[in-house]
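The values are calculated or read from the model by the stated rules, or taken from the named source; none is laboratory data. Worth saying up front: this structure is predicted, and the values here are computed from it rather than measured. Neighbour counts are summed over all protein chains in view; Cβ atoms, including those assigned to glycine, are modelled from backbone coordinates with ideal geometry. In case anyone asks, the SASA skips ligands and DNA or RNA and just uses the protein heavy atoms, side chains included. Shrake-Rupley method; radii C 1.70, N 1.55, O 1.52, S 1.80 Å.
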Amino acid sequence: MIWFTASWCGPCKRVKTDTLLSAFKNVTWLKCDIEKNDYTPGYCGIRAIPAFLVVKDKKVVGTLQSSDATKIVEWVQGLN
């Protein structure tokens, strides 16, 4: 899971990190700060933050733009 974020982003700060990490203990989380890495979001097709991109077996299986941890958890569970 790649989480696209920025330190100045209000919605990014509202994401309940603990909820996400506890819901998916077997998931590798990578955080991409768009201020420090401005190339990757565009390359991955990310247009707004916070955004989440799921990669499984070296393929992108989904992207979501949301700050609602419950919605993010439900979305990831639906990808299985």
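Summed over the stretch 2-37, the residues that are open to solvent by less than 20 Å² (accessible area, probe 1.4 Å) and either touching a residue at least 60 places away in the same chain (Cβ under 8 Å) or in contact with an Asp or Glu (Cβ under 9 Å, 6 or more places away or on another chain) (or both) give a count of 4. Considering (1) modelled with pLDDT of 95 or more; (2) hydrophobic (A, V, I, L, M, F, W, C); (3) under 11 Å from the mean Cα position of the chain (by Cα), the lone condition that Ala69 does not fulfil carries the number (1).
For the stretch 47-78, filtering for residues that are among the hydrophobic types (A, V, I, L, M, F, W, C) and either in a loop (DSSP other than H, G, I, E, B) or open to solvent by 60 Å² or more (accessible area, probe 1.4 Å) (or both) leaves 5.
Can Thr40 be described as surrounded by 13 or more Cβ atoms within 10 Å (Cβ to Cβ), assigned to a helix (DSSP H, G or I) and either at pLDDT 90 or above or within 13 Å of the chain's Cα centre (by Cα) (or both)? Yes, satisfied. Within the stretch 1-37, the set of residues being over 13 Å from the mean Cα position of the chain (by Cα), outside any helix (DSSP H, G or I) and under 21 Å from Val73 (Cα atoms) comprises Cys9, Lys25, Asn26.
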